[in-house]
Each structure stands twice: as structure tokens, then as C-alpha cells.
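*Asks:* This is the structure, below, for whatever I ask next.
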Amino acid sequence: MTSALLIAAGKESAPVTDWAARIGWLVGLALFVALVYWLMREGWKWRGTLQGDLPELPAAPDDPGPARLSMSGRYHGSTTAGQWLDRIVAHGLGTRSRVELTLTDTGLDVVRPGATDFFIPREALREAVLGKGIAGKVLTEGGLLLVTWAHGERLIDSGFRSDHAAEHTEWVDAINSMINKTETEGAR
């Protein structure tokens, strides 16, 4: 209502002509965003440096044997076992990607297009459970296949999500039966 009265009285607001101030604010905002991005990148690299004691990831054997199960889906990352927010970034384990999982009698082959592939030997597998979250990714209950495995001196949880979530239960059963079979054979 006030602006209508001003226009009726013949008074208009002055046009904004302070372009230098506007450009200064935009440049300042762009520099701030660049600084935040740089700090995040440096934090990621620092985390990788702190995890430098993690040995190289094992490669798949030349003849892994016949596939017991296979699945395509997403790899959501790896964390320290039991600490779902402590992401492991060393050796590319923190990079989310598509994944092709193959379970054989020798272990779990993790093939990630565009990221580092790795292999989890059968002896390193500790547990498979259905979970709902891992390092920045939270899903519905049972929406994530969490595989716990030993690597070097560390226990690691790796999170996978199948394109067909109904497969998760079959994977948990198969991996846990492999672990129980390995423990039984080792007790003899």
C-alpha cells in the first residue's frame, strides 16, 4: 500500500546502481564456498593419511571358483566395525560406487567400476547382518547388507545395497554359514 502511495505521489525508489558492492559480495561468497570445499577435501585427505597403516587391499585370486551368489547394486562405504560414522577412506574404501558382488568358496569379490576393486578372503569374513545405516547413508531397517571382515589389525564393516533388496537375507545366510563352516573346520 505504501509503494502505491509513493508512486501516486510521483516518487519512485532509486534504482540500484552500486554494482561494485554486488560484485564484491558475489566474489566473497564464491571465495567462501571454495574455502569450505578445500577444507573438506583436506579433511578427507587427512583422514586417509591417518589410516595409512591399513595394508593394501587383497586382489581376487586367479581362479576363485564357481559363484555361490552374485549381486549388483551400490557400495556405500566402509567404516571401523561397530562405529558406523567412522568412515575408512584409505585405499579408496570411502568411495561410493556401483558394485558387482560375487560370493565364492574362497571369499567375497567386490568389483567396483570406476573405483578400486578388492577381495575379502573367506578367512577374513567375520559376520554379515542386515543394517540400516553406514557413514552418511541411512536406509530403512534391513535395507543395507553389512559385511564385517578383518583387514590387517582392523575389523571393517562394508555396506552394500542390492538392486533387489529381497536378496539381502539370502546373502546374510550364505556368508554366515561360510563363516560357521570355516570356524568348524578350524576347530578340528
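The values are calculated or read from the model by the stated rules, or taken from the named source; none is laboratory data. Keep in mind the model is a prediction, meaning the values are calculated, not measured. Because the Cβ atoms are built from the backbone with ideal geometry, glycine has one as well, and the counts that use them run over all protein chains shown. In case anyone asks, the SASA skips ligands and DNA or RNA and just uses the protein heavy atoms, side chains included. Shrake-Rupley method; radii C 1.70, N 1.55, O 1.52, S 1.80 Å.
*Asks:* Largest first, how would T148, T169, T102 line up by accessible area (1.4 Å probe)?
*Replies:* Working: T148 20, T169 75, T102 40 Å².
Sorted by accessible area, descending: T169, T102, T148.
*Asks:* With θ taken as phi - 60° and the coefficients 6.51, -1.76 and 1.60, list the Karplus ³J(HN,Hα) couplings across the stretch 70-84 in order, rounded to whole Hz; mark glycine and proline as x.
*Replies:* Result, ordered by residue: 9, 8, 10, x, 10, 9, 9, x, 10, 9, 5, 3, x, 10, 5 Hz.
*Asks:* Do the sum for the chain: with -39,500 (n - 2.57) for every DSSP H run of n ≥ 4, divided by all residues, what is the mean residue ellipticity at 222 nm, to the nearest 500 deg cm²/dmol? Walk me through the numbers on the way to the answer.
*Replies:* Working: 3 runs with 59 residues, N = 188.
Value at 222 nm, helices only: -11000 deg cm²/dmol.
*Asks:* Straight-line reach from K181: which aspartates and glutamates fall under 20 Å, measuring Cα to Cα and dropping same-chain residues less than 8 apart?
*Replies:* D105, D109, E123, E127, E170, D173
*Asks:* Using only Cα atoms and rounding to the nearest 10 degrees, what angle (0 to 90) does helix 168-187 make with the longest principal axis of the chain?
*Replies:* 40 degrees
*Asks:* Using modelled backbone amide H atoms (1.01 Å from N, in-plane), which distant-in-sequence or interchain residues come within less than 5 Å of G107's amide H?
*Replies:* The list, which skips near neighbours in sequence, is R122.
*Asks:* Still on this structure, please answer the following. Roughly how many nanometres apart are two label points built 7 Å out from the Cα toward the Cβ at T106 and A166?
*Replies:* A separation of 3.3 nm, rounded to one decimal place.
*Asks:* Here is a further query. Which cross-chain or sequence-distant (5 or more) residues have an amide H under 5 Å from the amide H of A81, H modelled 1.01 Å from N in plane?
*Replies:* Result for A81 returns L155, I156, D157.
*Asks:* Pull out the extension gain between R96 and D173, defined as 0.36 nm times the separation in residues minus the alpha carbon to alpha carbon distance; nm, one decimal. If you can, show how the numbers build up before the last one.
*Replies:* Working: separation 77, 0.36 × 77 = 27.72 nm, distance 2.48 nm.
Full extension from R96 to D173 adds 25.2 nm.
*Asks:* Related question: Where q = 0.08 Å⁻¹, what log10 of I(q)/I(0) comes from the Debye formula for the chain, counting one point per Cα?
*Replies:* So the normalised log intensities work out to -0.39.
*Asks:* Using a 7 Å offset from the Cα along the Cα-to-Cβ direction at both L155 and M40, what is the distance between the two label points in nm, to one decimal?
*Replies:* 3.2 nm
*Asks:* Report, to the nearest 10°, how far helix 19-50 tilts away from the longest principal axis of the Cα atoms in the chain, using its own Cα long axis and a range of 0 to 90°.
*Replies:* For helix 19-50, the angle is close to 10 degrees.
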